[in-house]
Amino acid sequence: MAQLTIKSVFLVALVILLAACATTPPREQDNLCQIFRQYPKWYDETLDSQQRWGTPIWVQMAFVQQESSFRSGARPERTKLLGFIPWRRPSSARGYAQAQDPAWQDYLKATGQRFARRSDFGDAVDFIGWDNNVSNQRLNLSKNDAYNLYLAYHDGHGGYQRGSWQSNETLKGIARKVERRAAQYQSQLQSCRDEFHCRRWYQIWPFCR
């Protein structure tokens, strides 16, 4: 009995610890400067992705905001059986980037990132950068074109090529929203980017990023 109690206490403590370590969504999602002030590491991780794949920081962040509102455990809501019984989820999308299983597996295979997780912010934005790089290579989309990149991201590269999005006014409206947010984030970052350069004691200008 004592052993069971100790085990129960340990499990409860572990759950509390994991919950405390979870990253809560940014308080001000309309302001990229405030987002990075709350989570400076996110600036480093989006910069890493930009340098690796070429998608600007503001486009990456606009995608994440749209897809998950910066929630690490985001998943589509379950459908309802008979109108009230929780049933299957409509897709396998999960995490910051809402990457679905097939696309995520393609990413892991292409990059060799065997231990990447969709609930890890750095891995999620690296996935977005990789996916947009594929859109650039296969579809000749500019890495600054948030509107069309998002359409290809949502419908897949084959779906974009087939033009499945052209009659989907809802999706096009969302893509325009992402485009506007990316432009807003770009303007905001120009005013505060220096805050996130050379902020660590071991980073010496002009050798730091």
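Here, each number is a calculation from the coordinates, and none is a lab measurement. Small disclaimer: the values here were computed from a predicted structure and weren't measured. Cβ placement follows ideal geometry from the backbone for every residue including glycine, while neighbour counts extend to all protein chains displayed.
Brief remarks follow.
- Some residue of the stretch 157-166 being touching a helix residue (DSSP H, G or I) at 6+ places or on another chain (Cβ under 7 Å), buried (at least 19 other Cβ atoms within 10 Å of the Cβ), more than 18 Å from residue 48 (Cβ to Cβ) and not aromatic (Phe, Trp, Tyr): no
- Segments classed as helices (runs of 4 or more DSSP H), wholly inside the stretch 91-209, with at least 2 members that are over 22 Å from residue 65 (Cα atoms): 101-111, 121-139, 146-162
- Taking the numbered list (1) in contact with an Asp or Glu (Cβ under 7 Å, 6 or more places away or on another chain); (2) hydrophobic (A, V, I, L, M, F, W, C); (3) under 20 Å from residue 62 (Cα atoms) in turn, residue 152 passes all entries but (1).
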